[in-house]
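**Student:** Okay, handing you the structure first.
The values are calculated or read from the model by the stated rules, or taken from the named source; none is laboratory data. What you see is a predicted model; the values in this text were computed from it and never measured. Using ideal geometry, Cβ is built from the backbone for each residue, glycine included, and neighbour counts are taken over all protein chains shown.
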Amino acid sequence: MIIKTVKQHLSRSPYQSLAAILVVCFAFFVIAVFTLLGIGSGIVLHYFESRPQISAFLKDEIKPQEIELMKAKLVGTGKVKSITYFSKEDALKIYKEQNKDKPLLLEMVTAKILPASLEISTNELSSLKEIAQELKKEPMVEDVIFQEDVITALSKWTATVKKIGLVLGVFLLLISVLTILVVLGMKISQRKEEIEILKLLGASSWDICSPFYLEGIFYGVISAIFSWGFSYIALLYATPFLVSFLGEIPIFPIPFLFMAEILGGLMILGIVVGFTGSILAMARFIRSTK
Amino acid sequence: MINIEKITKKFGDIIALSEISFKIEKGEFVFLTGPSGAGKTTLIKLLLAEYSPTLGEIEINGEKLSKVPKNKLHLWRRKMGVVFQDYKLFPDRTVFENVALPLEISRTPVSELNEKVDKILNLVGLTERAYLFPAQLSGGELQRASLARAVVTGPEILLADEPTGNLDPKTSAEMIELFTEINKKGTTILMATHNQGVVDSFKGRVIELDKGKLVRDEAEGKYESKKAKK
């Protein structure tokens, strides 16, 4: 009976239903895009944070004991997560790997002209500068470079994306709930007499309310599925561009399981939004008939 | 069966019913008469728990309405079938679907539902009209569909509020025949009516209300009281 009634509700006023679905669908699409953007930028940030963040190039005359001493000193600060030593030969290997398709460049370079280095990552982003300053003071260190600016900018950008996404998401969810409330409110008002008849025929509150609850949930779930589909298509369309833009950062291809999780999340959100909207609409109707 | 005990219903300062008391036994056919505004519909709405009484008590088979919790009122209403003057059928459902509605509400299995609806449509002579919509029916057919819906669950009590109000005399007589047939099967009927012809020809129990007060309760009464005739 409930499913039959929901079908009747939908077929009797299809444009109202369509309006509700489109509004909720748009809201969920924006939420899905910001979720993907937030998670993606988080991965990019994590990638940069987990990379050796300070490169200290060592002078040619440095002795192994001095390297060990320097490493011990850095570990002693308690701020260093990892230290990796790259010898001149390691540097040549990396150079060769990076330039394997440029034979001319490979011919000109030998291990002798490349510096040995220490690649250091810190526990906290804020420790980067301090450690770099320490290294610069070392007499056997030729040069120090670190990615502080990139990470700081990226972390600010990620935080901004998350904040905007959160504010926009809450705002759009509110609009979605209100849209379902208004559309279902109109439908309930149109069926006021039918509801009265149903009551007199012995229908319980659940018999009367449940088709409206189910209709609200239907709007939410359908919107979740469509918005997920649109966001997935948009993501697949943008993949070639994003792959070339992000280079070696390991985001793509995005696993289907992850996208399925996003769909699950959107559907739960759809159920909550639809149910909340329909409960509020029904509560408003009950208040008005008292 | 039905025990109305000193029922008073007020709407603000207006007294719609004042200390009404009567009993109806199982299987009785009772006419509720009186001029417009006498309180007939209010009494039926009180029985249906659409309104709650200001004072007094309504009992059906010993169960007091005042003791029924709000969330169980639907079970109280399921004891009764109800027929309205304006039929109150769902315009977008066929006759069959309208009649089946109370059975769907009480979660009757489909095979039993089909059997019961077919049987009751046969009783009211609407088998051929089962798959038509209310807009395609005449007034008499609409009221027969409404009656079929009211009795399809086999309620002990049938309440009818001006069921012949919109019908011509011949169709009214046919409707009363149907009500009589249903009453003979053991259903208690309380019918609010203005139809003098129906009441006079039936010669049944008449309860008359006037200005919210019970002014007459006769076992074999007519529409107008003997005193009024004099």
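**Student:** Can you tell me which residue is farthest from the other protein chains (Cβ to nearest Cβ) among those in region B:125-160 that are of a type in the set (Asp, Glu) and either without any contact (Cβ under 8 Å) to a residue 60 or more places away in the chain or buried (at least 22 other Cβ atoms within 10 Å of the Cβ) (or both)? Break it down stepwise before answering.
**Tutor:** Step one: filter region B:125-160 for residues of a type in the set (Asp, Glu), giving B:128, B:141, B:156.
Checking the rest, the ones that are also either without any contact (Cβ under 8 Å) to a residue 60 or more places away in the chain or buried (at least 22 other Cβ atoms within 10 Å of the Cβ) (or both) come to B:128, B:141.
Numbers: B:Glu128: 24, B:Glu141: 18 Å.
Only one residue fits best here, namely B:Glu128.
**Student:** Here's a follow-up. Please enumerate the residues belonging to region A:1-48 that are within 14 Å of chain B (Cβ to nearest Cβ), in contact with a helix residue (DSSP H, G or I) (Cβ under 7 Å, 6 or more places away or on another chain) and not hydrophobic (A, V, I, L, M, F, W, C).
**Tutor:** Residues satisfying the conditions are A:Thr5, A:His9, A:Ser13.
**Student:** Which condition number does B:Asn122 fail, the rest of (1) of a type in the set (S, T, N, Q); (2) within 24 Å of B:Asn195 (Cβ to Cβ); (3) more than 14 Å from chain A (Cβ to nearest Cβ) being met?
**Tutor:** Condition (2) is where B:Asn122 drops out.
**Student:** Any idea which residue in region B:61-81 is farthest from the chain's Cα centre (by Cα), counting only those that are aliphatic (A, V, I, L, M), within 20 Å of B:Pro102 (Cα to Cα) and surrounded by 17 or more Cβ atoms within 10 Å (Cβ to Cβ)?
**Tutor:** First pass over region B:61-81, keeping only residues aliphatic (A, V, I, L, M): B:65, B:68, B:73, B:75, B:80.
Cutting the leftovers down to within 20 Å of B:Pro102 (Cα to Cα) gives us B:73, B:75, B:80.
Going one step further and asking which of them are surrounded by 17 or more Cβ atoms within 10 Å (Cβ to Cβ), we end up with B:73, B:80.
Details: B:Leu73: 18, B:Met80: 8 Å.
Taking the candidates together, the pick is B:Leu73.
**Student:** Pairs needed: first member in region B:110-121, acidic (Asp, Glu); second member anywhere, surrounded by 12 or more Cβ atoms within 10 Å (Cβ to Cβ) and in a helix (DSSP H, G or I); C-beta distance under 9 Å; at least 6 residues apart or different chains.
**Tutor:** If the second residue must be surrounded by 12 or more Cβ atoms within 10 Å (Cβ to Cβ) and in a helix (DSSP H, G or I), the pairs left are B:Glu112/B:Leu103; B:Asp118/B:Phe96; B:Asp118/B:Thr127.
**Student:** So in region B:84-93, with the set limited to residues that are more than 9 Å from every other protein chain (Cβ to nearest Cβ) and crowded, with 18+ Cβ neighbours inside 10 Å, which one is farthest from A:Glu193 (Cα to Cα)? Can you show your working first?
**Tutor:** From region B:84-93, those more than 9 Å from every other protein chain (Cβ to nearest Cβ) are B:85-87, B:91; that's our starting set.
Of the ones still in play, those that are also crowded, with 18+ Cβ neighbours inside 10 Å are B:85, B:87.
Values: B:Gln85: 15, B:Tyr87: 12 Å.
Filtering region B:84-93 for residues that are more than 9 Å from every other protein chain (Cβ to nearest Cβ) and crowded, with 18+ Cβ neighbours inside 10 Å, the one farthest from A:Glu193 (Cα to Cα) comes out as B:Gln85.
**Student:** Any idea how many residues of region A:44-65 are surrounded by fewer than 14 Cβ atoms within 10 Å (Cβ to Cβ) and either free of Cβ contacts under 8 Å to residues at least 60 places away in the same chain or closer than 26 Å to A:Leu235 by Cα (or both)?
**Tutor:** Here is the first cut: in region A:44-65, the ones surrounded by fewer than 14 Cβ atoms within 10 Å (Cβ to Cβ) are A:46, A:50-51, A:60-61, A:63-65.
Going one step further and asking which of them are either free of Cβ contacts under 8 Å to residues at least 60 places away in the same chain or closer than 26 Å to A:Leu235 by Cα (or both), we end up with A:46, A:50, A:60, A:63-65.
Qualifying residue count, region A:44-65: 6.
**Student:** Here's another thing I want to ask about it. A:Ile120: touching a helix residue (DSSP H, G or I) at 6+ places or on another chain (Cβ under 7 Å) and at pLDDT 90 or above, yes or no? Walk me through how you get there before you give the answer.
**Tutor:** Working: touching a helix residue (DSSP H, G or I) at 6+ places or on another chain (Cβ under 7 Å): yes; at pLDDT 90 or above: no.
Criteria not met by A:Ile120.
**Student:** I would also like to ask the following. Where in region A:46-149 are there helices (runs of 4 or more DSSP H), lying fully within it, with 1 or more residues that are more than 29 Å from A:Ile249 (Cα to Cα)? Working first, answer last.
**Tutor:** Details: elements: A:64-76, A:88-98, A:103-108, A:128-137.
Correct list: A:64-76, A:103-108, A:128-137.
**Student:** Scan region A:150-168 for residues that are crowded, with 16+ Cβ neighbours inside 10 Å and either of a type outside the set (Gly, Ala, Ser) or part of a strand (DSSP E or B) (or both) and jot them down.
**Tutor:** Within region A:150-168, A:Ile151, A:Leu154, A:Thr158, A:Val161, A:Lys162 qualify.
**Student:** Only one of B:Thr54, B:Thr33 is among the polar types (S, T, N, Q), away from chain A (no Cβ under 14 Å) and crowded, with 19+ Cβ neighbours inside 10 Å. Can you tell me which?
**Tutor:** On the way: B:Thr54 fails: crowded, with 19+ Cβ neighbours inside 10 Å.
Just a single option satisfies the conditions, and that option is B:Thr33.
**Student:** Can you report the number of residues in region A:218-275 which are without any contact (Cβ under 8 Å) to a residue 12 or more places away in the chain and part of a helix (DSSP H, G or I)? Lay out the reasoning, then the answer.
**Tutor:** Step one: of region A:218-275, the residues without any contact (Cβ under 8 Å) to a residue 12 or more places away in the chain are A:229, A:233, A:236-238, A:240-245, A:247-248, A:255-258, A:260-261, A:264, A:268.
Narrowing the set further to residues that are part of a helix (DSSP H, G or I) leaves A:229, A:233, A:236-238, A:240-245, A:256-258, A:260-261, A:264, A:268.
The qualifying residues number 18.
**Student:** Here are some conditions: (1) farther than 26 Å from B:Arg149 by Cα; (2) at pLDDT below 90. A:Met186 meets all but one. Which one does it not meet?
**Tutor:** Evaluating A:Met186 over (1) farther than 26 Å from B:Arg149 by Cα; (2) at pLDDT below 90 leaves (2) as the failure.
**Student:** Same structure, new question: Name the residues in region B:104-119 that are surrounded by fewer than 18 Cβ atoms within 10 Å (Cβ to Cβ) and more than 14 Å from every other protein chain (Cβ to nearest Cβ), would you?
**Tutor:** Residues satisfying the conditions are B:Ser111, B:Glu112, B:Asn114, B:Glu115, B:Asp118, B:Lys119.
**Student:** Moving on. Pairs under 8 Å by beta carbon, first residue within 7 Å of chain B (Cβ to nearest Cβ) and at positive phi in region A:197-210, partner surrounded by 20 or more Cβ atoms within 10 Å (Cβ to Cβ) and in a helix (DSSP H, G or I), six or more apart or different chains?
**Tutor:** Every condition considered, the pairs that remain are A:Gly202/B:His74; A:Gly202/B:Arg77; A:Gly202/B:Pro102; A:Gly202/B:Ile105.
**Student:** Another question, then. Working only within region A:98-151, note down all residues that are small (Gly, Ala, Ser) and more than 37 Å from the chain's Cα centre (by Cα).
**Tutor:** So the first thing to find is which residues in region A:98-151 are small (Gly, Ala, Ser), and the list is A:111, A:116-117, A:121, A:126-127, A:132.
A:Ala111, A:Ala116, listed by residue number.
**Student:** Which residue out of A:Tyr219, A:Tyr232 is modelled with pLDDT of 90 or more, in contact with a Leu (Cβ under 9 Å, 6 or more places away or on another chain) and crowded, with 21+ Cβ neighbours inside 10 Å? Step through it out loud before you land on a result.
**Tutor:** Numbers: A:Tyr232 fails: crowded, with 21+ Cβ neighbours inside 10 Å.
Of A:Tyr219, A:Tyr232, the one residue that is modelled with pLDDT of 90 or more, in contact with a Leu (Cβ under 9 Å, 6 or more places away or on another chain) and crowded, with 21+ Cβ neighbours inside 10 Å is A:Tyr219.
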